[in-house]
1. List every residue pair whose Cβ atoms sit under 7 Å apart, with the two residues 6 or more apart in sequence or on different chains, where the first one lies in segment 39-52 and is within 9 Å of T81 (Cα to Cα) and the second, anywhere, is of a type in the set (S, T, Y).
2. Cβ contacts < 8 Å: first residue in the same structural domain as G350 (by TED's automatic domain parsing), restricted to segment 390-413; second residue part of a helix (DSSP H, G or I) and polar (S, T, N, Q), any location; separation 6+ or different chain. Result?
3. Pick from D348, D401, D322: which is over 28 Å from C116 (Cβ atoms), charged (D, E, K, R) and out of contact with any Gly (no Cβ under 8 Å at 6 or more places or on another chain)?
4. Identify all residues within segment 25-42 that are of a type in the set (S, T, N, Q) and either surrounded by 12 or more Cβ atoms within 10 Å (Cβ to Cβ) or in contact with a Lys or Arg (Cβ under 6 Å, 6 or more places away or on another chain) (or both); write none if there are none.
5. Please verify whether E267 is surrounded by fewer than 13 Cβ atoms within 10 Å (Cβ to Cβ) and either in the same structural domain as Y199 (by TED's automatic domain parsing) or not β-branched (V, I, T) (or both), treating the condition exactly as stated.
6. Here is a list of conditions, (1) touching a strand residue (DSSP E or B) at 6+ places or on another chain (Cβ under 8 Å); (2) under 20 Å from V354 (Cα atoms); (3) not small (G, A, S), and T81 meets all of them except one; can you say which number that is?
7. Are any residues in segment 100-123 buried (at least 18 other Cβ atoms within 10 Å of the Cβ), of a type outside the set (A, V, I, L, M) and assigned to a loop (DSSP other than H, G, I, E, B), and if so, which ones?
8. Which one of these does V62 not meet: (1) farther than 15 Å from A135 by Cβ; (2) touching an Asp or Glu at 6+ places or on another chain (Cβ under 8 Å)?
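The values are calculated or read from the model by the stated rules, or taken from the named source; none is laboratory data. As the structure is a prediction and not an experimental result, all values here were calculated from the model. In this analysis, Cβ positions are derived from the backbone assuming ideal geometry, glycine residues included, and neighbour counts consider all displayed protein chains.
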Amino acid sequence: MYLTDEETRMLNGEKGEAVRIAMEILVALGESFDAERLVPINNVHMAGSSVLVAEEAGTRFVEDIRKKGGKFVTKVTTNPTAVDPTQWEAIGIPESDTILQTRLTDAYAGMGANTCNTCIPYLVGNSPRFGEHIAWGESSAVVYANSVCGARTNREGGPSGLASALTGRTPEYGFHLKKNRYGKFLVKVETSLRDMTDYGTLGYFTGLIAGQDTPVFTGVPSDPTLEQLKALSAALASSGSVSMFHAVGVTPEAPSLEEAFGGGSPEKVLIFGDAEKAQAEAALNREPSDHVDWILVGCPNASVEEIREVADALQGKKVHQDVALWVTTAGAMYAMAERNGYIKTITDAGGVVVRETCPFLARSRVIAPKKGYKTLTTNSAKMAFYAPGQFGLPTHYGNLDRVMKAAINGVWS
């Protein structure tokens, strides 16, 4: 792999031990994917921000990089952590995770990260430009950045993201190359997409078939909301390993079907109609009973608009006494929602708005039995797909209206 003179000096240790270690990681990664060179970047979203992922060894590695003089030379935002710093004990998070998480977050902050601790960095000040090379982790954010923003990134893990933040470089392979960004197969949407849940269901259906291939959608409405595109991105990256999609007439690299496929033809054509949508929804409803105890809204983290919708549903009502309602979000979204009165409405009704973490990146296999949770109810296809295997909790899955009725009535109907 070709290195510039400056990159060679980095690799030789002339810019410090932390940078040398980072360059070794990037060179090894680039050579494993036959990258010809490194490309300059100025934007990293750090995936390895939770101690559920990093554990003690990963935390020590990040701390050691900081002790070796590591300083971030790019914009850096951090993914959700394993704790809500204000109410970790009340919601069942172990104290040991809180102690370790403080160490890890402090290490990132000490090197210059914006510790926003969210999976929606594009809503808290880190929105990449069209065509910009970036190094992002967090699968849902990667799909959103590539597809909706038109930025260029692969799925970065914790070590590679850290290395890119220390050097301002990432290997040029995969989705950094235009030739790899064209669609592989076509999905004709022939049913209505009314809300976030419908978009999530479409993503779940497509991801199961896609593997790592890039889908192209036709029939998607021309004016989807940010929240709907967020739900589609997350589901595609969950049931499959998708890093990018095109929606003709919607996403920036798909003004036409021809351009989405780079002048080529789809390898296969699928139909997503009423029957396919119903089958996908049924597959995500894995709990046969009407029992409800843990309800989650905000996967990926909820926007202010989503928090408002939850507050509207709870206005003048109460969450059922046997139900725990979590709305997970970023600290910045929480602050705006609090100013608008949405947080008070939710908490007065008996719900909890959780900041900086979520069931994926907190220790839910500890939280659930501690709190006596037996099921998980959600409007997120991503959460519904992962919860049975990752948390051991069967799921109820449906749109927000149905989920909020369950929160109030205490049953799934």
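1. S49/T78; S49/T81; S49/Y108; S50/T81; V51/T59
2. Within 8 Å, the pairs are Q390/S364; F391/S364; L393/S364; Y397/T197; G398/T197; N399/T197; L400/T197.
3. Working: D348 fails: over 28 Å from C116 (Cβ atoms); D322 fails: out of contact with any Gly (no Cβ under 8 Å at 6 or more places or on another chain).
Answer to the selection: D401.
4. Within segment 25-42, the first condition is being of a type in the set (S, T, N, Q), and the residues that meet it are 32, 42.
Listed by number, the list holds a single entry, N42.
5. Numbers: surrounded by fewer than 13 Cβ atoms within 10 Å (Cβ to Cβ): yes; either in the same structural domain as Y199 (by TED's automatic domain parsing) or not β-branched (V, I, T) (or both): yes.
Yes, satisfied.
6. (1)
7. T115, C116, N117, T118, C119
8. Condition not satisfied by V62: (2).
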